[in-house]
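Where a number appears in this text, it was derived from the coordinates with a stated rule and is not lab data. Note that this is a predicted model, so its numbers are computed, not measured. As a convention, Cβ positions derive from the backbone with ideal geometry for all residues, glycine included, and neighbour counts pool all protein chains shown.
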Amino acid sequence: MRTQAMRFILPLVVALVSAGTGWSATTMMPMRLLYPSFAGSWATAWIAKEAGYFSQEGLDVELIRVGGSTRMVAALLGGSAPIIQAGASAALAATAAGSDVVIIGSTGTVSPFRLIARPEIKQPADLKGKKAGITTFGSTSDQMVRIALKKFNLEPNKDVAMLTFGAQPETFAALMNGIVQVAALSYPLYPKAIKVGMRELVNFGELGVEDINGTVITTRAFLAQNRDTALRFLRGFTRGMQRYRMDKEFSKKVLGKYGKINDEETLEGTWQDYAPTLQKSPRPALSAVQYLIENQFSGKKPLPRVEQFVDSTLADQLEKSGFIDALYK
């Protein structure tokens, strides 16, 4: 009964909130959204699209996979898409280099990554002189490997070579084939690796690494000129977060479609691995961004300020309007 009521109430809330924005649902605005992989951490936008939440905001969102977060940030700056979902580290690097890239949303702070090593790596010290696989330099996987190596008192590119492979599936393949001896992987790739004899060296979530997941990224120029469009996108995205958390069976169907996952065990595991960690609000966690800043720019004095990288005003607006509270009543 509660679910049926919510299905009636939520579209009404959206209609009321949208009434003053000047757009009509009959006039659909095309928009590209880039995302890096088929991992569950990027599924919120898939769910929002499949549930029709973007369409209800007047947005015809085209989802395009582009492997590698740094590559996606470059595509954003080149005008290929107005909004992307990519690793926060790539956004931080671009902003620090002088671009106007900015984080406007995220889905959580619990890191989905595990550091997985080949069977011959019995202890962290065995990594010295070996190779680590990452997606691209400046990506989240890059930062996770560096954080782990720092914990092990090993220096990246001196004690352990860093090799890029563009995306997680290719990094996984490199680990399986012995091209690299260690890699940072998320679900469902890390359990696949463990099943065939690979070893888990670090669970970053349990290590206390405060990551910023499912990051929604745009440019300050786009935000200044198209704030209403960005708000509508984030509103649909937030409804996708709620659906991901609360409707497991629908979410698993979407995960199966986009991730090309057929077996129930993997679908269930993907949902369990990520959905319970989702925030209710898309507000970017400043403490998580600060954690990344301290690791990514450790040699820079003074450290960049977190406000350089984040704009929380859209999340503020959604929270203050009562929109998010209404999703969970």
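At a glance:
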item	result
Label-point separation in nm, residue 123 to residue 137, each point 7 Å along Cα→Cβ	3.3 nm
Whichever aspartates and glutamates have a C-alpha closer than 19 Å to that of residue 150, once near sequence neighbours (fewer than 8 apart) are set aside	126, 142, 159, 200, 206, 210, 211, 294
Simple label model, 7 Å out from Cα along Cβ direction - residue 280 to residue 170, nm	4.1 nm
Relative contact order, percent, the stretch 114-208 [alpha-carbon distance under 8 Å, six or more residues apart]	47 percent
Cβ charges +1 (Lys, Arg) and -1 (Asp, Glu), total dipole of the stretch 114-208, debye	140 debye
Residue among 282, 30, 188 with the largest mean-square fluctuation in a Gaussian network model of the chain, springs linking Cα atoms under 10 Å	30
Largest-first ellipsoid semi-axes for the chain, taking √(5λ) over the Cα gyration tensor eigenvalues, angstrom	34, 23, 16
Kirkwood hydrodynamic radius (C-alpha pairs) into Stokes-Einstein, the stretch 114-208, 4 °C and 1.567 mPa s, D in µm²/s	102 µm²/s
The stretch 206-329: projected area of the alpha-carbon convex hull, averaged over directions, in nm²	9.9 nm²
Extreme residue, positive dipole direction of the chain, given options 258, 229, 124 (C-beta unit charges)	124
Projected label distance in nm at residue 224 and residue 298, using a 7 Å step from Cα toward the beta-carbon	3.6 nm
J(HN,Hα) series, the stretch 81-90, from Karplus relation 6.51 cos²θ - 1.76 cosθ + 1.60, nearest Hz, glycine and proline x	7, x, 9, 9, 10, 7, x, 4, 4, 5
For the chain, calculated [θ]222 nm from helices alone, where every DSSP H run of n ≥ 4 adds -39500 (n - 2.57)	-13500 deg cm²/dmol
Among 55, 37, 287, residue whose mean-square fluctuation peaks in a GNM of the chain (springs only between Cα atoms under 10 Å)	287
Efficiency of FRET between residue 157 and residue 196 - r from beta-carbon atoms, R0 25 angstrom, step 0.05	0.35
Chymotrypsin sites (Phe, Trp or Tyr not before Pro) restricted to DSSP loop in the stretch 250-329 with at most 14 other C-beta within 10 Å	328
Segment residue 263-residue 316, length gained on full extension (0.36 nm per residue, minus Cα span)	15.1 nm
Cleavage-rule hits, trypsin sites (Lys or Arg not before Pro), the stretch 150-207, DSSP coil, Cβ neighbours within 10 Å at most 10	158
